[in-house]
Amino acid sequence: MAKKIIIPALVLLLTLTGCSSEKFLKEGDYLLTSAKVTSDDKSADLSPYRDMVKQSTNSKWFNLLNVPLGIYCLSGTDSTKGINRFFQRLGEAPVTYQPQKAQATAIQMTGTAINLGYLQAYTDTHVSTHQHKARINYHIHPGPLYKIRSIDYRVDDAEIDSLIQQNRKQSLLSPGMPCNAHTLDAERDRIINLLYQNGYYKVLKKYIYYDVDSTAGPNNLDLTLNFCGKSIAEDSTLVDYNRYWIGNITVNVKGYEDTDPQLRDSIKYRGIWIRYFGSSIIRPNVIYSQLEIQRGSFYNQESVRRTYDNLSRLQLLHNSSIHFTDNGNGILNTEITLNTNKLNQISAELEGTNTSGDLGMASSVSFTHRNLFHGSETWSTKAKAAFEAIRGLEGYSDQNFFEFSLETKVAFPRIIIPFLPERKRITLHGNSEISLQYTTQQRPEFHRRVLTALWSYKWNGKRNKHQHKLDAIGLNYVYMPWISKTFREDYLDNNNDRFAIVKYSYENLFILNTAYNFIYNSSDKSRHSISPQKSYQIHYGIESAGNSLYLLSKALNIKKDSENRYNLFNVAFAQYLKIDADYACSIPLNKNNTLAMRGAVGLVLPYGNNTIVPYEKRYFAGGANSVRGWSVRELGPGSFKGEDGKIDFINHTGNLKLLFNLELRSYLIWKLSGALFVDAGNIWTTRNYAAQPGGQFQLDTFYKQIAASYGCGFRFNFDYFILRFDMAMKAISPYYNSEKEHYPFLSPRLKRDFTFHFAVGLPF
């Protein structure tokens, strides 16, 4: 079966890549087949120069297959025919060698080398042609690297000169460094920003320029930084070196879609005027707390930026603007305009579900109010109902699954800490959230009730690249009001060791936890974008549960139950420690191809009041975002292989996780991209459970239990979301001992080894 699919696909690809493009070439044209960049300096980083190549070769699928050109070549030269236009739009026209673009590329490469400090650099362009094909090699001769011997300053204003000298330690320039134009320009930015942060509202970057003395010795330069706006200006009276103060501050609050709003109210709060137009009301103290601009202080551009950032966190606001007016006395009057969003919003969703072949549907209705306490607090409530027709269950009168959930939460655009004075809260920028959710599940085997409550904080670090989340108090209460006689007799009252974890998962349980998560993203761009960019993301988290309840139980001298556990209100509580770490990176190979990889490790340890981690906190392997050769919750732990598909989804869990993914992503055509991937990993238990033979982690054998899979996938990128289709084959199956079954990639069988996944978004 595999051969029937793979062989025709290979034939098609070879046909497309083998199509000739000569029919589209004019007399004297050459198809560009190679564009390389080399240098005399073998250790030089050539990636910036490769990005300058103005004429790249035709794109290749996965950097190997010239399919886009092949699709274009399926068309004829007559563009009036619809079929020809179709293939031409779908494919990619032949890229022909153009001397003008090659010359422009060489000039830019030379300029870049000079900017890096190689002042005698030049670039040779070598072109070779053969049978209507051309190859280009750009060879860079950098020459010697010029360095800065000394740095001098010349400033035509005493106060500005004093400020610059006081901050010399932050300078980006130092004797002995290469004469890098980018660094020199960055130093200009640093100085001008320093002035903007100290009241100099009208100074310009063009006032800063350099004089370079090349007679300082071999490959050395003497540098003079000039701040001389009055010297270079045609009219020195137009150059303003004054330090500006912030004067009156007025805030205008306008309602949603008010075309001609009428002034409703005006309030003076802590020295600022707040004017309300239309019907939108937001408390004055909330507005004041977001303003980094303060009356009576020097103008500070960084304060303006932080004010914009603070205001953008208020869900009530649609946008904001800040405008300064010079009153002629060195004072800037500030007018801030806040345009509010629509106050209320109602939305509904309807979706179909498919759980292991059981079909169902779910619908939800949500309501959002963006100004609950007139402080841009967002209150949202969501009700969801789900139904699923369950097949294959024997011994149960009802074959349907019903679920209903109600969730409500309030998000505050500030950090709320009880008993902390308001003046302290103002300096803490972030979000607080309180949520409450109740879920009732009614299955043929059992009924379950889950109550969840959470008090959490979120805040961002520098440039919003650092994200922090603290779940200060998390509460989960699981209540099992009814369990069917059949389910209880078959599993819960069964003395078979393989049902030990199942029993623990269907008990009443109480979880009181605290968790902290940290995310660093090197890129400001969304990780759901397929376009190549060099970026990486780091995530780690730690979660602890039950410690306070354990200490309380011991302090109250509560007696343990028959299973050696403390109970509160006749309900056992969980006690565990969970640690997770995840690293993902994306490396661009060229404009159409990206290499992405991810490594993850996780460990959750039960202790104290229990020996088994709650089911919701355990790890599972397999699925669209894990080792894709297996379906979700089908792999592990270790070499464990279940026997009863009805219930072994419970036993296919562990408390230790190792995962590695490698993916080559390539743009194909239109909105379609492809991927070739390899996945490896598994889960394990840190204790030996009789229900999971072969599942315990052993240092000397765990590497033999690492599962692996390979495959390909397609992604439809619709900008706002990505639809993903992945097809994977098992490569290494840890639960088989024979070589033929342990290494299925040696003798693949579609029925046994193939897994298909559909998902939204990229896997990492």
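Rundown of residues vs (1) modelled with pLDDT under 95; (2) assigned by TED's automatic domain parsing to the domain that holds ASN219, yes/no style:
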residue	(1), (2)
TYR118	no, no
ALA121	no, no
THR125	no, no
GLN131	yes, no
ALA134	no, no
ILE151	no, yes
SER162	no, yes
LEU173	no, yes
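Just give me the residues in region 29-49 being touching a residue at least 24 places away in the same chain (Cβ under 8 Å) and either in the same structural domain as ASN592 (by TED's automatic domain parsing) or not in a loop (DSSP other than H, G, I, E, B) (or both), in sequence order. The answer is LEU31, LEU32, THR33, SER34, ALA35, LYS36, VAL37, THR38, SER39, PRO48, TYR49. Pick from ASP240, ASP213, ASP222: which is surrounded by 16 or more Cβ atoms within 10 Å (Cβ to Cβ), among the acidic types (Asp, Glu) and either over 38 Å from the mean Cα position of the chain (by Cα) or within 30 Å of LEU338 (Cβ to Cβ) (or both)? Within the list ASP240, ASP213, ASP222, the selection yields ASP222. Take the conditions (1) among the aromatic types (Phe, Trp, Tyr); (2) in a loop (DSSP other than H, G, I, E, B); (3) within 26 Å of SER586 (Cα to Cα); TYR689 misses just one of them, which is (3).
The set of residues from region 420-457 being among the basic types (Lys, Arg), modelled with pLDDT under 95 and in contact with a Ser or Thr (Cβ under 8 Å, 6 or more places away or on another chain) comprises ARG425, ARG448. Return yes when GLU403 is in the same structural domain as GLY271 (by TED's automatic domain parsing) and either among the hydrophobic types (A, V, I, L, M, F, W, C) or modelled with pLDDT of 90 or more (or both) and no when it is not. No: the conditions fail for GLU403. Evaluation of TYR536 against the conditions (1) loosely packed, with under 14 Cβ neighbours inside 10 Å; (2) within 30 Å of LYS36 (Cβ to Cβ) shows that the sole unmet condition is (1). The residue of region 85-103 that is nearest to the chain's Cα centre (by Cα), among those that are closer than 12 Å to LEU69 by Cβ and among the small types (Gly, Ala, Ser), is GLY91. Across region 646-661, a minimum of one residue is classified as part of a strand (DSSP E or B) and surrounded by fewer than 18 Cβ atoms within 10 Å (Cβ to Cβ). Answer yes or no as to whether THR15 is at pLDDT below 85, loosely packed, with under 13 Cβ neighbours inside 10 Å and not in a helix (DSSP H, G or I). Spelling it out, it is not the case that THR15 is at pLDDT below 85, loosely packed, with under 13 Cβ neighbours inside 10 Å and not in a helix (DSSP H, G or I). Note on region 737-760: residues that are surrounded by 15 or more Cβ atoms within 10 Å (Cβ to Cβ) and assigned to a loop (DSSP other than H, G, I, E, B) amount to 2. Scanning region 233-281 for residues that are in contact with a helix residue (DSSP H, G or I) (Cβ under 6 Å, 6 or more places away or on another chain) and at positive phi gives a single hit, ARG270. Of all positions in region 55-74, none carries a residue that is basic (Lys, Arg) and out of contact with any Leu (no Cβ under 9 Å at 6 or more places or on another chain). When ALA93, ALA104, ALA113 are checked against the criterion of being aliphatic (A, V, I, L, M), part of a helix (DSSP H, G or I) and surrounded by fewer than 17 Cβ atoms within 10 Å (Cβ to Cβ), a single residue qualifies: ALA104. Scanning region 157-183 for residues that are without any contact (Cβ under 8 Å) to a residue 12 or more places away in the chain and either crowded, with 16+ Cβ neighbours inside 10 Å or under 12 Å from LEU225 (Cα atoms) (or both) yields one hit, THR183. Residue count for region 366-391 satisfying the condition of being charged (D, E, K, R), surrounded by 15 or more Cβ atoms within 10 Å (Cβ to Cβ) and more than 27 Å from ILE415 (Cα to Cα): 2. Among the residues making up region 459-486, those that are within 19 Å of the chain's Cα centre (by Cα) and surrounded by 16 or more Cβ atoms within 10 Å (Cβ to Cβ) are TRP459, ASN460, LYS469, LEU470. Only one entry of ALA555, ALA600 meets the criterion of being hydrophobic (A, V, I, L, M, F, W, C) and crowded, with 18+ Cβ neighbours inside 10 Å, and that entry is ALA600. Restricted to region 198-296, the set of strands (runs of 3 or more DSSP E) holding at least 2 residues that are among the charged types (D, E, K, R) comprises 208-213, 263-269. None of ARG154, ARG135 is surrounded by 15 or more Cβ atoms within 10 Å (Cβ to Cβ) and of a type in the set (Lys, Arg) except ARG135.
Within region 693-713, restricting attention to residues that are part of a strand (DSSP E or B) and touching a Leu at 6+ places or on another chain (Cβ under 6 Å), the residue that is nearest to ASN593 (Cα to Cα) is CYS712.
The rows are residues; the columns are (1) more than 30 Å from SER59 (Cα to Cα); (2) modelled with pLDDT of 95 or more; (3) in contact with a strand residue (DSSP E or B) (Cβ under 9 Å, 6 or more places away or on another chain).
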residue: LYS657; (1), (2), (3): yes, yes, yes
residue: LEU664; (1), (2), (3): no, yes, yes
residue: TYR667; (1), (2), (3): no, no, yes
residue: LEU672; (1), (2), (3): no, no, yes
residue: ALA675; (1), (2), (3): no, yes, yes
residue: VAL678; (1), (2), (3): no, yes, yes
residue: ASN688; (1), (2), (3): yes, no, yes
residue: GLN705; (1), (2), (3): yes, yes, yes
residue: TYR710; (1), (2), (3): no, yes, yes
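The values are calculated or read from the model by the stated rules, or taken from the named source; none is laboratory data. Given the structure is predicted, the values throughout are model-derived calculations rather than measurements. So basically every Cβ, Gly included, is an ideal-geometry build from the backbone, and we count neighbours across all protein chains shown.
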